Structure formats: structure tokens, C-alpha cells
1. Among the residues of segment 243-253, is there at least one that is among the small types (Gly, Ala, Ser), more than 17 Å from Thr290 (Cα to Cα) and touching a residue at least 40 places away in the same chain (Cβ under 8 Å)?
2. Mind listing whichever residues of segment 152-205 are more than 17 Å from Ser83 (Cα to Cα), at pLDDT 95 or above and among the hydroxyl-bearing types (Ser, Thr, Tyr)?
3. Just to confirm my filter: which strands (runs of 3 or more DSSP E) fall fully inside segment 129-230 and include at least 2 residues that are more than 20 Å from Val411 (Cβ to Cβ)?
4. Is there a residue in segment 276-294 that is of a type in the set (Val, Ile, Thr), in contact (Cβ under 8 Å) with a residue 12 or more places away in the chain and open to solvent by 30 Å² or more (accessible area, probe 1.4 Å)?
5. Count, please, the residues in segment 222-257 that happen to be over 16 Å from Leu275 (Cβ atoms) and not charged (D, E, K, R).
6. Within segment 311-421, which strands (runs of 3 or more DSSP E) (wholly inside it) include 1 or more residues that are within 22 Å of Pro85 (Cα to Cα)?
7. Condition check: free of Cβ contacts under 8 Å to residues at least 40 places away in the same chain and on the phi > 0 side of the Ramachandran plot. Does Gly144 satisfy that?
8. Scan segment 73-101 residue by residue and report those that are in contact with a Pro (Cβ under 7 Å, 6 or more places away or on another chain) and more than 27 Å from Arg134 (Cα to Cα).
Amino acid sequence: MSLFIRNASELVTVAGAHAARCGADQGAISAIADGAVFCEGERIVDAGATADVIKRHPEALDAATLIDATGHAVIPGLIDCHSHPVFAGDRSDEYAQRLAGKGYREILAAGGGILKTVNATRAATLDELMRSLRARLDAALALGTTTMEAKSGYGLDADTEWKMLEAIRDVQSGDERHPVDLAPTLLFAHAVPAGMTADELVEAACAATPRLATLAEFVDVFCEKGIFSVEQSRKVLEAGRSAGLDIKVHADEMCLLGGAKLAAELGAVSADHLLFTDDASIAAMKKAGTVAVLLPGTPFVLRVAYADARRWIAAGVPVALGSDFNPNCYCESLPLTFTLAVYEMKMTPSEALVAITINAAAAIRRAHEIGSLQPGKLADIVILNGPSYLHLGYHIGGNPVRQVIKRGRVVVGRGVELTDA
């Protein structure tokens, strides 16, 4: 199996990094005119100007799949490094409640929010969760997402958390394996269910972690005032680390509690949300090498202030972006995430592209495999419906993606002429 994309109006490889970018380098990208990518099997062999790639690899002209990308930009596959795509039920009623002025905590106290989703997810079968997960992955894939972090967290008991992680595992296996690669995260400590205290939930989460960790790569916790304290969060995260999981933290979303500082102290891969993080915590994250994952979709739906991306970039902390796709922020679109980051968080378009490619890959420990178009990396590629990567944000409200290649195979194509040898 081989594939050759040629004559791209603009090829943006985001090359030059196998790890997260930060500071001035966050937005340092270059566009190659008349670009090409040659792939064999699941891997990229070469990327550069079309004439140069053909000169180095004349066999590319005989590839099994030839794509003429004239008039279209080619970029790395997009990476969603923070999402909650496994759940049952519907919370569209809360959309109307929020518009009427009700806040997150008020809805939660009335039995809505996470706890409403928990009840529906507990009642759902594994097959039902897998079917809905596949549909959501289909939608994300059509919008250019080729890899997604996928959290549990709507079980709040060992059996349902296991069922959610099983769904994540099973959609990636067998003859019907979904093209989108998933990075599973254990988020047992996501909320406190009725009939339990926070301490009791933490004890249950820690006791179940060794078994649940066999289906996960990361452990996460909702470190927030009125949910889980810093010390309770520490217990959950240390239990995950003892079970072999890397650490991620929902931190400082609703107030400055110290979640980002805790993430840095524990050497977390990422701290996420970060709307109220202070300068001392930012400095600690820089020292620890922790990626700042900002989620502009969440303040958009909650109608609150956005995280200040410029503070993080100026401090030299790598910034990634995620969709935070969940029943409260029902958005699987990284192009929309890109748009919100540019318009509302004052990121430059190049910084935002880096944030949904190589930096997002670093936030799930995959920067050595994905996030840029470089020889040896997986052939995860997006062809846009426009001549520049700027169409990710310029094309507001539509789908700027024309074609998606995952591991060297065309998995999404809208109106593109393919020549199969």
C-alpha cells in the first residue's frame, strides 16, 4: 500500500519537532508551495516540494493511490487531546437552561449536569455505548480528527467505569476498528454521586484503579472547589501513577484552587482548562514540562471568560487545544476550536494549528508518532477545501475538510478525484 499526494497549493508539515513547541516557536511554521507527501504502508516516507519528493522517490509516481491536491492545503491530521466521547443520554434541555441564566453548579444541584449523564450511562449496555461512540468518532473524523483522547468518568462506580473503558478499547479492535486512534483516560473522580461523600468516592476510585488501569493510559481528576480538593486529587493521581498511568488534571476551571500547581508537582503530562491559574502555577508547569491544554469550547457554552493563552505562550509553556467534547459542550469540531482560540483567546492562526497538531500530540505522549508530517511518522493527513490552512478558521460554521488519510489509507473523501493504480 502506497499513497502519493502532490501539487498541494500549501503543505504545512509542522516539522522540526518531535515534542511540544513553546514560546516564540509555538507559531513557527512554514508553508511549502506545490507540496507533496509520499507514504508507504502506514508511514510517511517523504514530504516537501513536489519536484523534490519525485526526485528523491521516483517510485512515488507509481503509488497505489495518487491524489492531485491542486488548489488545496495539506496539513497533519488533527489531534483532540481532551474529550469525553463515551456517554449515554441527552442534556439538550440544559442548553436552554444555560441560555436562561442558570449556572453549572445550579444545574448540577438540581440533578442535572454530570450526574444526569451518569444515570443514563450506568443504564446503557456496552453495545449502546459503542454505537454512540462510533457515531461521534465518525463526526470528528469528517472534521479532520485522526486521534482523540477519550475519558471515562460518567460511571463513578467501578463497573460502569470499566464498561466505558471497554467501549473505548473495543471500537479500536477487530475487523470494524474505527479509523480514529484513541488515547484512553481513567476519570473515575469526575463528580460525587448521590449517597456518597467526596472522600468515599476517592477511596472507591483508588481501590478500583489497579484493575481499571489495565484499560487506560492516563489518570485524571476534576480538581475543583466543592468537588475534589487538592489533597483528594493527589490521592487519586498517585494511585493512578502507582498503577502505571501518566497523569492529567482538570485544573483551575472555576476558581484558583491549586490544580495546575499539583499537576506540575506530580509531573503531569498536561493540566487542562486553566481559566484561573496564577503566575506561580504557570512557572511551575514550565519547569515541569507540563502542557497547558486550553478548551475554548467550554467557556463559550458556559458564557464565561476564556483562558488567557497569551500568558502561557509568553511564559514559555506549550499550549495545546482540545474540544472538551461532552454532553455539556457538544462540539466534536477542532476547526471550531481553532476558530474560538484565534478570535477569543488571541492566538495566532499558526499557534492554533500547532496547538491542535504537534502540541496536542505531546499532551497525549504521541509526538514521536503523530502531529507533524515527517518521515517515519504515521501517515495521518488532512486535505482542506481551500488553498491555505487558514481555512480552518476562515471557513466559519462549515466543514473545511475535503479529505482525510489515516495511517496511509483514505478514510474520508468529499468530491476528490482519486487515481488507483
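1. No, segment 243-253 contains no residue that is among the small types (Gly, Ala, Ser), more than 17 Å from Thr290 (Cα to Cα) and touching a residue at least 40 places away in the same chain (Cβ under 8 Å).
2. Within segment 152-205, Thr160, Thr197 qualify.
3. Because the criterion is at least 2 residues that are more than 20 Å from Val411 (Cβ to Cβ), the strands (runs of 3 or more DSSP E) in segment 129-230 that meet it are 181-189, 218-223.
4. no
5. 14
6. Values: elements: 319-321, 381-384, 401-406, 409-413, 418-420.
Those strands (runs of 3 or more DSSP E) span 319-321, 381-384, 401-406, 409-413.
7. Considered against the rule, which asks whether it is free of Cβ contacts under 8 Å to residues at least 40 places away in the same chain and on the phi > 0 side of the Ramachandran plot, Gly144 comes out as no.
8. Ala73
The values are calculated or read from the model by the stated rules, or taken from the named source; none is laboratory data. This one's a predicted model, so the numbers in the text were calculated from it and none came from an experiment. Note: ideal-geometry Cβ built from the backbone for every residue, glycine included; neighbour counts use all protein chains shown. All accessible areas refer to the heavy atoms of the entire protein, side chains included, with ligands and DNA or RNA removed. Shrake-Rupley method; radii C 1.70, N 1.55, O 1.52, S 1.80 Å.
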